[in-house]
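First up is the structure itself, then whatever we jot down about it.
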Amino acid sequence: MGVLAESTKLWGNATLIESDPGEEVLSRVTFIPFRREVHFDDDREWGVYHRNGQLVQAAAYYRGPNKQLVGQSEATEIDATTLDYLNEEFVYGGPVILHYGRFLTATLPRLWHLISRPGKRRRIVCHSHEAPETWFAHDFIRDLLGAIGLTKEDFFRPKLPCILRLLRVPRPAMEERNFIHRSMDRLAISIGKYFDLPMASSRRGTVYLSRTRLPRTAKRFADEQVLEHYMSEKGVTILHPQELSFPDMLRGLAGAEVITGIACSALYCSVFLSHASRNIMLTTHDEIDSNHVMIDRLKGNNSIYLHPLEQGTDILDPKRLVGERKVDMDASARAFLEYL
């Protein structure tokens, strides 16, 4: 009996759409910010709403094939007549989430129009718990947004509910675990080109995306350091994404012939490459996050996702609501090396 098998189950949809997402232009909409000290997943008030109180669907944050709302409500009962009126034309930039993976899948997809439909720049209004100054204190956000010419002065985060005179709402070029548009590729490639990444013809060797130095988190193997050791012994370059600058992370991936590791948000960076990548990834269970598959289809990546056949044990941490997967990592590592 083998040790590893190819992962076949998809968590979510992975639809590739060739057309642009399009946009809506709305007047006198109600903007309700995130509530302080409430996680946006649990905040049923935030969102952008029409004058009749109904949620603006083009501006809504959805996840999954059933379009599950992330916080928000289908309608608000707030009295718009009591709110400040902002006599300005804005562009909606969605929620700004400082988690690396969420920023790439929930924030960046709203900015496709800057590349596909360049024109007059307007201030970008966003939902966030933090001010733009805090966003740009994160190197990866400053580097990524700087690559398309954006600074903190281009953004506006209302702290209180308000009425916006005019709001342009680009529909997202990617919706988590549901779909991705071709315009996401144009945006991502323009960002990658800014950093002068290695050409596909210069790719050499294999890199391993390690999670061993991250805090305990979901989608992690308890003994990943064993796999990392085997990789190092084989001469594979070990990358710790959280210790690299965004440009260095991209250069590490762009210069590799093969990308390996535990399937995680660091792999999303393949979207910024100008060429398709060869990815050999390990998943904790027989299930692939469809965000990875969407990016694979968008880029034409040659990817394989593997999981241990061993039943293993889930080690749960109830305080953090996360878990680790405990398997015979020595056997899994040896089997994984056979795919390289």
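The values are calculated or read from the model by the stated rules, or taken from the named source; none is laboratory data. Please read these numbers as outputs of a predicted model, since none were measured by experiment. Note that each Cβ is placed from the backbone with ideal geometry, even for glycine, and that neighbours are counted across all protein chains shown.
Given (1) surrounded by 15 or more Cβ atoms within 10 Å (Cβ to Cβ); (2) at pLDDT 95 or above; (3) farther than 27 Å from I115 by Cα; (4) of a type in the set (A, V, I, L, M), identify the lone condition not met by A14.
(3)
Looking at R334, R297, R325, which is the one that is modelled with pLDDT of 90 or more, among the basic types (K, R) and either closer than 24 Å to L10 by Cβ or out of contact with any helix residue (DSSP H, G or I) (no Cβ under 8 Å at 6 or more places or on another chain) (or both)?
Every option except R297 fails the conditions.
Pairs needed: first member in the range 54-77, closer than 18 Å to G12 by Cα; second member anywhere, basic (K, R); C-beta distance under 6 Å; at least 6 residues apart or different chains.
Final answer for the pair search is R63/R177; G64/R177; V70/R63.
Looking at the range 236-265, which of the residues that are part of a helix (DSSP H, G or I) and under 11 Å from L209 (Cβ atoms) is nearest to the chain's Cα centre (by Cα)?
Step by step, filter the range 236-265, then rank; the result is S265.
Within the bounds of the range 315-332, is there any residue that is assigned to a helix (DSSP H, G or I), surrounded by fewer than 18 Cβ atoms within 10 Å (Cβ to Cβ), of a type in the set (A, V, I, L, M) and in the same structural domain as T237 (by TED's automatic domain parsing)?
yes
Quick one: which helices (runs of 4 or more DSSP H) sit completely within the range 99-168 and have at least 2 residues that are within 18 Å of M184 (Cβ to Cβ) and in contact (Cβ under 8 Å) with a residue 24 or more places away in the chain?
Ranges flagged: 113-116, 139-146.
Just the residues that are surrounded by 15 or more Cβ atoms within 10 Å (Cβ to Cβ) and more than 14 Å from Y61 (Cα to Cα), please, taken from the range 32-42.
If the condition is that a residue be surrounded by 15 or more Cβ atoms within 10 Å (Cβ to Cβ) and more than 14 Å from Y61 (Cα to Cα), then R35 is the only one that fits.
Kindly establish whether I180 is among the aliphatic types (A, V, I, L, M) and surrounded by fewer than 19 Cβ atoms within 10 Å (Cβ to Cβ).
For I180, the condition - among the aliphatic types (A, V, I, L, M) and surrounded by fewer than 19 Cβ atoms within 10 Å (Cβ to Cβ) - is not met.
Go through the range 117-132 and count every residue that is within 27 Å of Y49 (Cβ to Cβ) and either surrounded by fewer than 18 Cβ atoms within 10 Å (Cβ to Cβ) or in the same structural domain as H240 (by TED's automatic domain parsing) (or both).
Qualifying residue count for the region: 8.
Residues L145, L108, L166: which one is touching a Ser or Thr at 6+ places or on another chain (Cβ under 6 Å) and of a type outside the set (K, R)?
Step by step, each of L145, L108, L166 is checked, and only L166 is touching a Ser or Thr at 6+ places or on another chain (Cβ under 6 Å) and of a type outside the set (K, R).
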